[in-house]
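See below for the structure under consideration.
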Amino acid sequence: MADYYRDLACEYDWLYDDDALTDGSAITRPAVAGLLQRFGPGCAVLDAACGTGVDAAALARRGFHVRAADGSEAMVEVAAARFRRERLAIPVQQCLWGDLPDTIDERFDVVLCMGNALVHAAGKDAMVEALTGLRRMTGPGGHVVIHSRNWEKLHAERRVVQVANRVRTRGGRRCVMFYAWEVPDRLDQVHIAHIVFLFEDGDRIEPHEYRISLLPVSLGELRERLELAGLREVGTDFGETTDQYVVIAVAA
Ligand SMILES: C[S@@+](CC[C@H](N)C(=O)[O-])C[C@H]1O[C@@H](n2cnc3c(N)ncnc32)[C@H](O)[C@@H]1O
């Protein structure tokens with residue numbers, strides 16, 4: 001995979017506001033919280049796109065039995081450091097979605113792919129392969145949770161600059177972040193996100209910019225690919241006016 005996160009990893013947490021950094025983005029979505037509650041604390045959760053480990057840590061603190069993986073070595077290092085700092089016994093390793101079934105023996109009640117990660121599997125075949133890998137990590141009755149940006153909405157609105165609504169202050173540093181999007185004519189073309197952190201340095205601004213290219217997926221395409229990967233949708237909180245959504249699926 002193209003590792004867009006190699007350099008971004010050490011500053012990735014600035015994307016989160018303070019509440020999200022503590023609680024993560026999985027348990028705070030009612031559809032995901034409802035699913036996790038049904039299984040109950042103690043159930044086995046794989047965060048298959050753990051990034052810097054925010055969701056995995058939030059779930060482990062709540063008593064879930066969590067394991068974490070990510071395709072980016074740099075993100076895994078930051079996640080491992082978080083778990084050590086918080087004294088959380090979360091095994092974490094670098095692994096691509098398609099390789100998970102042959103790499104990790106354990107199977108899970110809930111397999112998470114949060115943070116709009118799946119679009120990194122660019123194109124239909126790669127995404128079906130990724131989804132197949134995620135499906136094969138579920139145990140009997142297990143669920144896969146896919147989180148996605150509402151690409152149809154982003155593409156239609158063409159809101160090119162999206163600024164975080166708060167200045168973030170951590171460790172004596174202050175930062176404003178925004179996305180600047182390159183939105184092509186068609187939804188099925190590569191979209192480019194420029195993630196920009198503006199750090200305050202006295203009366204100067206120090207900009208740090210990271211560029212990530214993404215090949216969007218519409219809900220219709222995602223549904224088709226879930227089916228091809230042997231998954232059956234059992235729930236979604238998709239809405240035409242929401243910026244993000246999850247689809248929850250089980251082995252067909
Ligand atoms: C936008 S980040 C989301 C991280 C985290 N879930 C969050 O919500 O902050 C996308 C993550 O997907 C990971 N990723 C991309 N392609 C992958 C693949 N083929 N297999 C495993 N992880 C992958 C990246 O390394 C990155 O950490």
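Each reported figure results from applying straightforward, stated rules to the coordinates on display, with no laboratory input. Source: prediction; values computed, not measured. Backbone-built Cβ (ideal geometry, glycine too); neighbour counts: all protein chains shown.
In plain terms, the residue of THR138, THR241, THR52 with the fewest other Cβ atoms within 10 Å comes first and the most crowded comes last, giving THR241, THR138, THR52.
Convex hull volume of the Cα atoms of segment 135-252, normalised per residue: 144 Å³. If you keep only loop residues by DSSP, which trypsin sites (Lys or Arg not before Pro) in segment 183-252 have at most 12 other Cβ atoms within 10 Å of their Cβ? Passing both the DSSP loop test and the Cβ count: ARG186. Looking only at the chain, where both bridge partners belong to it, what percent of the DSSP beta bridges are antiparallel (to the nearest 5)? Within the chain, antiparallel bridges account for around 70 percent of the total.
Within the shell defined by Cβ-Cβ distances under 13 Å, the residues around ARG232 carry a net charge of 0, with Lys and Arg each +1 and Asp and Glu each -1. Taking amide hydrogens as placed 1.01 Å from N in the peptide plane, the amide H of THR138 sits under 5 Å from those of PHE108, each at least 5 positions away in sequence or on another chain. Within segment 183-216, none of the chymotrypsin sites (Phe, Trp or Tyr not before Pro) combine a DSSP coil assignment with at most 12 other C-beta atoms in a 10 angstrom radius.
For the chain, the percent of C-alpha pairs falling in each 10 Å distance bin, counted from 0 to the bin holding the largest distance, reads 7, 31, 38, 20, 4, 0. Using only the alpha-carbon atoms of segment 152-214 as identical scatterers, what base-10 log of I(q)/I(0) does the Debye formula give at q = 0.16, 0.24 Å⁻¹? Values returned for q = 0.16, 0.24 Å⁻¹ are -0.59, -0.97.
I need the calculated FRET efficiency for the pair GLU73 and GLU240, taking r as the beta carbon distance and R₀ as 41 Å, to the nearest 0.05.
That gives a FRET efficiency of 0.60.
Residues in segment 45-50 carry Karplus couplings, in order, of 10, 10, 8, 7, 9, 5 Hz; the curve used is 6.51 cos²θ - 1.76 cosθ + 1.60 with θ = phi - 60°, and Gly or Pro positions show x.
Using only Cα positions of segment 98-150, each an equal point scatterer, no hydration layer, compute I(q)/I(0) via Debye at q = 0.17, 0.29 Å⁻¹ and quote the log10 values to two decimals. Result of the Debye calculation: -0.51, -1.19. Taking θ as phi - 60° and the Karplus parameters 6.51, -1.76 and 1.60, the scalar couplings of segment 209-218 work out to 10, 10, 10, 10, 9, 9, 9, x, 10, 7 Hz in sequence order, x denoting glycine and proline.
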